[in-house]
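This report refers to the structure that appears directly beneath it.
Just so you know, all these numbers are worked out from the coordinates, no wet-lab data involved. Since we're looking at a predicted model, the values are computed, not measured. Positions of Cβ are generated from backbone atoms using ideal geometry, with glycine treated the same way; all protein chains shown enter the neighbour counts.
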């Protein structure tokens, strides 16, 4: 691979660029981004080598689509229109059904691979890019059979070089499960932050009492609303389902408290404690 | 200080013992614990020097009460009964009104200082003890005026030597605010863990999709139910109030989703984003 194009030079696109530059020789990484400041910042930080336009994509060996999931639906068909027959395009979005549907009938569907690297932080923009972000992380690939053999191979080699663990899944199952292990966590953190901030308006001292436990639990509330709003929109039904179950569990906990059933409270926590063993497997 | 007695040689008591041993010369740290295995483990790990009994407390310069908050209510009056006139006793519990009330009329009330160091991890037992745990952490002190001057001074010197930032608060305000910044975070994490585990019973693959964001948000669900059940019981009214507000915020988020009001969703997240600045202050 000689010419790589990163569309969206933020946390994920930028980290991908850094790893590709460190793993491959004689590679040039171009950035495409609506935000001119991000392009300049990414060049200054040596995250990308130069700016490019969609019209340049005919020269691309690889195109990484790393933009908010709503814009990705509009951009992917255009990207596929501009590439060469041998170009691999993959996305990194947190929802997979809408993007797979968006290009289902596209004549260049076989140039596209739908991917979701389970990696990130609560920060965004080119300055949030970090080397090694994808090492030992899971990468969910959807509808792999719809991608051309040679491009499947190219993608898997890249993901392997970046240290990722590959998991294959259909887009419907991906969107359903990711709602539980990722989307709900974000809402939980945002609403916890809101609940405490609402209180803090009147009580300035409250945050001085907060410790590392609070910080850990609300960390995701620092995440970008620009990125997350379209994810929740695209995965609306699944997210609502997880929210209903979460609210119901919280309500049940409150019911135990109100009924002074502290054996019930103990059991709720005891039964969830084995999350210790489950989390051991998460890198 | 020559003779220190730690009642409850777990995460907090054990970490306190380690710091005291490293900061002071010629000090002997004794451990008192109902759990004989914890005593043996604490001695083996050099967290404490030897075992002791309540009857030995007449020799104590300092007694640290670091046991679950329900047992603390029963043990503190006994401890005060056994100590000398010059002994300082402080607790480290996460609720402050009940323990202050429990000894309000005790003839040795002036030997006691009610404290809550905002420090800890999700682990427990002597093996969870770590040096430096209290460095740069807040320590909330309640009803300081009810402690003898000389013992206030002794306590403040120790907390200062351990690197803590002191905050004074009345027990009622402490319990109200700590419900928001600590107790609610734990319930949020436990119920998030439960919601996802309930799903996972049928879907084995789900946790392989979980990333560091999920791990951070559910981390507190590893906490000890033995420690947390009595905290929720003692702080019942405040915790129920925080739960009501949290559930109401989650419900509002769900309402926006159901109404396809994604501008509302965006604003909810945007308005909470300044938690970034707030969290910068947390050590």
Quiz item: Can you name every residue in segment A:131-155 that is closer than 14 Å to residue A:16 by Cα, buried (at least 16 other Cβ atoms within 10 Å of the Cβ) and more than 14 Å from the chain's Cα centre (by Cα)?
Solution: A:155
Exercise. Report yes if residue A:226 is under 20 Å from residue B:273 (Cβ atoms) and either in contact with a strand residue (DSSP E or B) (Cβ under 6 Å, 6 or more places away or on another chain) or more than 7 Å from every other protein chain (Cβ to nearest Cβ) (or both), otherwise no.
Key: yes
Self-check item: Residues located in segment B:160-187, provided they are away from chain A (no Cβ under 14 Å) and either free of Cβ contacts under 8 Å to residues at least 24 places away in the same chain or touching a helix residue (DSSP H, G or I) at 6+ places or on another chain (Cβ under 8 Å) (or both)
Solution: B:160, B:161, B:162
Quiz item: Which of the residues that make up segment A:91-107 are surrounded by fewer than 19 Cβ atoms within 10 Å (Cβ to Cβ) and either in a loop (DSSP other than H, G, I, E, B) or in contact with a strand residue (DSSP E or B) (Cβ under 6 Å, 6 or more places away or on another chain) (or both)?
Solution: A:104, A:105, A:106, A:107
Exercise. Keeping to segment B:112-123, report how many residues are in contact with a helix residue (DSSP H, G or I) (Cβ under 6 Å, 6 or more places away or on another chain) and either away from chain A (no Cβ under 11 Å) or part of a strand (DSSP E or B) (or both).
Key: 2
Quiz item: Condition test on residue B:253, is it without any contact (Cβ under 8 Å) to a residue 24 or more places away in the chain, in a helix (DSSP H, G or I) and surrounded by 15 or more Cβ atoms within 10 Å (Cβ to Cβ)?
Solution: yes
Quiz prompt | All positions within segment B:9-37 that are out of contact with any strand residue (DSSP E or B) (no Cβ under 7 Å at 6 or more places or on another chain) and assigned to a loop (DSSP other than H, G, I, E, B) | solution = B:10, B:24, B:25, B:26, B:33, B:34, B:35
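Here's the yes/no breakdown for (1) crowded, with 23+ Cβ neighbours inside 10 Å; (2) farther than 29 Å from residue A:72 by Cα; (3) within 15 Å of the chain's Cα centre (by Cα):
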| site | (1), (2), (3) |
| --- | --- |
| A:165 | no, no, no |
| A:169 | no, no, no |
| A:173 | no, no, no |
| A:185 | yes, no, yes |
| A:191 | yes, no, no |
| A:195 | yes, yes, no |
| A:199 | no, yes, no |
| A:207 | no, yes, no |
| A:227 | no, no, yes |
Practice problem: Might you let me know whether segment B:269-281 holds any residue that is outside any helix (DSSP H, G or I), surrounded by fewer than 22 Cβ atoms within 10 Å (Cβ to Cβ) and either in contact with a helix residue (DSSP H, G or I) (Cβ under 6 Å, 6 or more places away or on another chain) or more than 7 Å from every other protein chain (Cβ to nearest Cβ) (or both)? | Solution: yes
